[in-house]
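Since the structure comes first, as structure tokens, the remarks are kept for the end.
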Amino acid sequence: MTPLEALLIRRVKAAGPIRLADYMAECLLHPEHGYYTTHDPFGAGGDFTTAPEISQMFGELIGLCLAQSWLDQGAPSPFTLAELGPGRGTLMADLLRATTAVPGFHAAAQVTLIEASPRLRARQRAALGSHPARWLDTVDALPEAPLFLIANEFFDALPIRQFTRDPAGWCETMVGLKGGALAFGLAPATPLAALEPRLADTAPGERIEVCPAAPPIIAAIARLITAHGGAALIIDYGGWHSRGDTFQALRGHAYADPLAAPGAADLTAHVDFEALAQAAPPCATAGPIPQGTLLTRLGIVARAARLAQNLSGTALESHHAATRRLTDPQEMGTLFKALALHPPGSPAPPGFD
Ligand code: SAH
């Protein structure tokens, strides 16, 4: 039994079942036993691999996309160059290397990382070397300035609530106890005004998910971009319009029972891009478009060919495999999508039009 499991069992015994969102928040970010507090989840020795960890090309192309958007908007100085949930800091390091030659970009950029885990903050500090950077707890602390932001696989880690439609309303998924062990259950049906629009496109028995933390984060980013200029790239797996149960656990690169080892497995849910886009106005949005389409339009084929010139043998093979993994529809190419936020009346970032 993990230490967090013992804590959660005690809590449920004392106060009753907890919402799935509370379970997810405790498992991921509990200050002592949370997954991101205690683990470095990325790479071959971890539980999952993300696009920036697969190839340097991901961070390079995202960096050039943001830098071009910055140039298109008149190269405002200073500006906030932000990343939400930067993991090991690999993406920001690749982005900064790729943009070294963009005149004025580094001098104007205030590199800002929004990260909850002190352990990962230390990893990010190491990845950025001597490059100046500051860390913030939330997007609400971002300064009033033009904002160029990237969030890769951040929104899928935000806690979700899950509801099953019932003739009498909606039953929320709860985590309670069965035979002394954590178990899923459903709360009694209640009509919920906020879910009224979903009555039109669901039938009793169908499940939907809501991520309450996501829209306020998008709204805060959108407000800054509308007021001061900038752009945001939100890349994640998911779709348009939440449907069905997408809550999942990953441990050692394999799917796991999400209740089996609280705090020791990564928990995620698919991102509902519709809910994100709806929180942006008056800021403009573009996409979501498939990750493979975005990377192809940003020039991954040429960049991959260039890098391949210096490689041979197994290094060359794994470089080709990484390119395929990022772009192929059978791999990350279509499941992962990119949504852009940009100021109303200004062009969308490169790759989105
Ligand atoms: N973007 C990285 C890491 C994705 S994992 C990559 O692509 O490799 C999710 C990241 O978001 C981790 O760094 C995690 O610690 C951070 N995170 C999760 N929930 C958060 C929250 N509520 N506030 C800030 N950071 C959070």
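The values are calculated or read from the model by the stated rules, or taken from the named source; none is laboratory data. Because the structure is predicted, anything quoted here is derived from the model rather than measured. Here the Cβ is made from the backbone with ideal geometry for all residues, glycine too, and neighbour counts use every protein chain on show.
In region 178-196, which residues are more than 29 Å from the chain's Cα centre (by Cα), assigned to a strand (DSSP E or B) and over 11 Å from L259 (Cα atoms)?
K178, T190 - these are the residues of region 178-196 that are more than 29 Å from the chain's Cα centre (by Cα), assigned to a strand (DSSP E or B) and over 11 Å from L259 (Cα atoms).
Before we move on, is C65 more than 9 Å from the ligand (Cβ to nearest atom), buried (at least 22 other Cβ atoms within 10 Å of the Cβ) and under 18 Å from L298 (Cβ atoms)?
yes
How many residues does region 296-342 contain that are of a type in the set (S, T, N, Q) and more than 30 Å from H241 (Cα to Cα)?
Filtering region 296-342 down to residues of a type in the set (S, T, N, Q) leaves 296, 309-310, 312, 314, 318, 323, 327, 330, 334.
When the remaining residues are screened for being more than 30 Å from H241 (Cα to Cα), the result is 309-310, 312, 314, 318.
So the answer is 5.
Answer yes or no as to whether A126 is at negative phi, of a type outside the set (K, R) and assigned to a helix (DSSP H, G or I).
It is true that A126 is at negative phi, of a type outside the set (K, R) and assigned to a helix (DSSP H, G or I).
Of the residues L84, L28, which single one is within 14 Å of the ligand (Cβ to nearest atom) and touching a Pro at 6+ places or on another chain (Cβ under 8 Å)?
Just one listed residue meets the conditions, L28.
Among (1) away from the ligand (no atom under 14 Å from the Cβ); (2) more than 30 Å from R198 (Cβ to Cβ); (3) among the aromatic types (F, W, Y), which single condition is W135 missing?
Failing condition for W135: (1).
A75 fails exactly one of the following numbered conditions: (1) touching a strand residue (DSSP E or B) at 6+ places or on another chain (Cβ under 9 Å); (2) assigned by TED's automatic domain parsing to the domain that holds S318. What is the number of that condition?
Going through (1) touching a strand residue (DSSP E or B) at 6+ places or on another chain (Cβ under 9 Å); (2) assigned by TED's automatic domain parsing to the domain that holds S318 one by one, A75 breaks only (1).
For M332, all conditions in the list (1) part of a helix (DSSP H, G or I); (2) under 18 Å from T49 (Cα atoms) hold save one; what is the number of the exception?
Checking M332 against (1) part of a helix (DSSP H, G or I); (2) under 18 Å from T49 (Cα atoms), the one that fails is (1).
In the set E172, E83, E144, which member is farther than 22 Å from L224 by Cβ and of a type outside the set (G, A, S)?
Numbers: E83 fails: farther than 22 Å from L224 by Cβ; E144 fails: farther than 22 Å from L224 by Cβ.
Of E172, E83, E144, the one residue that is farther than 22 Å from L224 by Cβ and of a type outside the set (G, A, S) is E172.
If you go through region 1-60 one residue at a time, how many are of a type in the set (D, E, K, R), in a helix (DSSP H, G or I) and touching a helix residue (DSSP H, G or I) at 6+ places or on another chain (Cβ under 8 Å)? Even if it seems obvious, please write down each step before you answer.
In the first step, residues of region 1-60 are kept if they are of a type in the set (D, E, K, R); the result is 5, 10-11, 13, 19, 22, 26, 32, 40, 47, 53, 60.
When the remaining residues are screened for being in a helix (DSSP H, G or I), the result is 5, 10-11, 13, 22, 26, 53, 60.
Checking which are touching a helix residue (DSSP H, G or I) at 6+ places or on another chain (Cβ under 8 Å) leaves us with 26, 53, 60.
So the answer is 3.
How many residues are at pLDDT below 95 and either among the acidic types (D, E) or within 25 Å of the chain's Cα centre (by Cα) (or both) if we restrict to region 158-177?
Here the count works out to 0.
In a helix (DSSP H, G or I) and either surrounded by fewer than 21 Cβ atoms within 10 Å (Cβ to Cβ) or near the ligand (Cβ under 10 Å from one of its atoms) (or both) - does that describe any residue in region 108-118?
Yes, that holds for at least one residue.
For region 138-160, give me the residue count where each residue is more than 11 Å from the ligand (Cβ to nearest atom) and in contact with a His (Cβ under 8 Å, 6 or more places away or on another chain).
Qualifying residue count for the region: 4.
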